[in-house]
Every structure is written in C-alpha cells, then in structure tokens.
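Throughout, read-outs are computed from the coordinates displayed, never taken from laboratory work. Computed from a predicted model, the values in this text were never measured in an experiment. All Cβ positions, glycine included, derive from the backbone under ideal geometry; neighbour counts span all protein chains shown.
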Amino acid sequence: MVLDPGAPACEQGRDVLGASPRGQSAASRLPERDGSRLFPCPSPPPRPGSGGAQRCTRGAAARRLSETGAGMRRSESTCAVSGGGGARGRMRAAASLPHIARPRAEEGGGARRSPCLLVALRPRNVEAERERFFRARFAYDPQFEYAEPVPDAVLDKYRAASDRFVAQVVVQLTDDLLSQAVMMVEDSRPTLAINLSGARQYWLEGMLRHEIGTHYIRGVNNTRQPWHSSEGRKQYSLKPANPTEEGLASLHSVLFRKQPFLWRAALLYYTIHQASRLSFSALFQDLEQYVQDAGVRWEYCVRAKRGQTDTSQPGCFSKDQVYLDGILRILRYRQTIDFPLLAALGKVSYEDVNRLKKFGVLEKTRIPHFMQDLERYMKQLDHIVTTNRLNEEELEQLLPD
C-alpha cells in the first residue's frame, strides 16, 4: 500500500516546506484546522526565485501538496473569474467570494504578531546550508537558524513520530519505467514504482479539489455553524478537525485519477518516522532507496527536520504524518461516514458527524460538486482502496474499533 495527499513528490528544485499531501504558494492562512490558533498569519514576502510567496498553514496544509506535492506551493487566490453577461472573462475581487473570518485576537492584545507556523519553521539560512550540504557531498548535518524562536509548546506537540503504519509503506521513484506507475511485490511487500516524467499530469486538478473543494468549502460551511469559534468547539466537545481534514483533502486530490496512488503521504509518514531516529545526513542517505533525485531528497529531509537547530541529532516535526493517518481512517470507516454532511458541518471530525447533525445549520451550506453523486463518490473511494492494495481486513487490523 502506498498513499499520497496530492501533488507528486517529484517536483525538481522546489520548496516543500510551505507545502499538501501539496507543497504550494503563499498567502495569509487561518489557524490550525482543529479550530485552535497557533500563529496569526500575515503574508510573508516572496522568496527570490521561488515563483511565489512562502505558504502559511491553511488555516495547515494543506497539505498537502501538502500538503501539500512535494514541491509546489499552495496558494490562496486573490481574485476569481466572474462568469456570465458582459462581465465574462473579467476578474472580480476575492472579497466578493464567501469570506472565512479570522478568529478574534485575545483581548489586551497589543503584542506583536508572530509569523504563521510553517513560515516560522522555515530556517532563514536554508539556502546557505543547502549549498554547504551539497558541497560536503551529503556528509554534513545542517545547522539551521530561525528568524525567531518557535514556542516549545508548539515543537513539543509535533516532536514524537508514530510508527503505526510504517510497515505498510514502500515507495520507489524512478525515470526508468515505460509506464506511468507499476505495482509490484518485493520482499513480500507491495511496492509502487512511479515514473517521474509524467507524475504531474493531474496535479493541478487534484490540488483544486484539495484546496477549494475540501479546505475552502468546509471552511465556509464552518462559519455558519454554532461551533465556528474555539469556544463553540469546546461547548460541543468537538474532536480536533485533523486527521479528518487533511485525510479527506488528500483523498480528494486523487479522486478522479485512473491510478489514484497515494504515495506521497506514505513517503512523508516514513520520512518523519526515520527523522525521529536519524541525523539529517543519515536520513538523506536512507531516503535514497526511495527518492533518487538529491534535490527532492533534501526538501523531504528539511521538511521532516524543521524546527531543529542542530540536525546531527535525531528529531522530527511530525505534523505531516497526519495525511496518511487521516487517509486510512476515512477509508476504514467510509461505509458509515455521511460524506455530504461531513462537508456541510464544516471543520469537524468524521467521528462527530452523527452527534452534531441535529445541531448543524445546513441552510445555504455548500457541498463539493464531486461529492453530489454519492454513488459515484463511494465507487471512487473503493477504487482508491483497490489501487493501493488495501482491503477491509487490513484496515480493520490497522485501526481496530
């Protein structure tokens, strides 16, 4: 089984730190998807040569490409095309789109705003350390510096890595395949080999379903619900929105692909697990068996080691494991989840849907177009399960009731 939240991990020379299962662009982001605010998110300036500003957390990922592909930056639109009549083809301000309000700052707040989480975690000397790392022929552990210290409470939250699904993950990226991707068995484990040359073909379409069809629509619907604030979430005893939020978005990234492999989430999960045990240079060497391109490997390692200063020590930033976790949980319980209601109720966990439906405000909520034909949608989820060599028995063993 190999899983992926969205954009391919094969992007050459791009920055994955701001990423979805889909590395991406930048703009102001809202708080973490569970409703709690980590950092206010002012828009950071674009990085030279990046092709876009650095991405903030969606409001965290995603994703993914996040999340988040491994090298694109997720962006927020500043305008949208207005259709119909004489206005056809003209641009209209994003302010005319449904707005997702920022949570109000705590009273007494004259404090200076900190950058959003994923921007704060990007080392300010990452390019210099990259050059030094490659000059040393990968035998150097970068010493990262940060514009300002990230609170220990934030780092502690993501310091521990899980190994729960590691045995499921086998990935190989290669330029040698004639086909786009091949599932094979090596050492009694299903292995996915991916041809890098065509891996981005459907990335943009998947990214839109990931960002707009999932994160944005659920965010807009959330503003109508009585639990739209942190106080409301406490009042209704809501579980965190993740891993449901990123898992759902990651599945939507590949929903219409003929071969909906989810390899990127699996590779992120494995990388973080290994980072918790290895130094930067050792992690880089370990990933060579899966990612041949050194530039791409560097980005995966930086993403897993962000928050660390001395990367010669074991340690990780485990947030990206949420993609694979969410994917497997949703697939495990897909037959019992009310997916349209999951979208309509906003930023809620699939575990809370049945309990919250009698309290939800459903008038004027939006359902993604690809979820409106529920029979087709469920067949697509089944196809994802089959393509990634999963089965019901295996999912039940991984996630017992």
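Please express the shape of region 235-284 as an equivalent ellipsoid: the semi-axes are the square roots of 5 times the eigenvalues of the C-alpha gyration tensor, given largest first in whole angstrom. Don't skip to the answer; put the middle values down first.
Details: eigenvalues 144, 89, 5 Å².
Computed over region 235-284, the values are 27, 21, 5 Å.
May I ask you to order 264-271, 140-147, 354-361 by the average number of other C-beta atoms within 10 Å around their residues, highest value first?
Values: 264-271: 31.5, 140-147: 17.6, 354-361: 13.5.
Result, highest mean Cβ count within 10 Å first: 264-271, 140-147, 354-361.
If you look at the Cα atoms of region 250-401, you get an Rg and a Dmax of 18.5, 54 Å. Averaging Cα coordinates gives a centre for region 272-299 and one for region 123-163; these two points are 13 Å apart. Computed over region 193-292, relative contact order equals 29 percent, with contacts defined as Cα pairs under 8 Å that lie 6+ residues apart.
For K347, the residues whose modelled amide H falls within less than 5 Å of its own, excluding neighbours fewer than 5 places apart on the same chain, are N222.
Calculate log10 I(q)/I(0) of region 325-368 for q = 0.19, 0.33, 0.34 Å⁻¹, where I(q) comes from the Debye formula with a single equal point scatterer on each Cα and nothing for solvent. Relative scattering, expressed as log10 I(q)/I(0), comes to -0.56, -1.28, -1.32. Lysines near K319 by alpha-carbon distance under 27 Å, same-chain residues fewer than 8 away left out - which ones? Partners within reach: K157, K234, K239, K305, K347. Taking the empirical scaling 2.2 N^0.38 Å for compact globular proteins as reference, region 322-401 has a Cα radius of gyration ratio of 1.16. Of the peptides 153-161, 120-128, 315-323, the ranking by mean beta-carbon count within 10 Å, highest at the top, reads 315-323, 120-128, 153-161.
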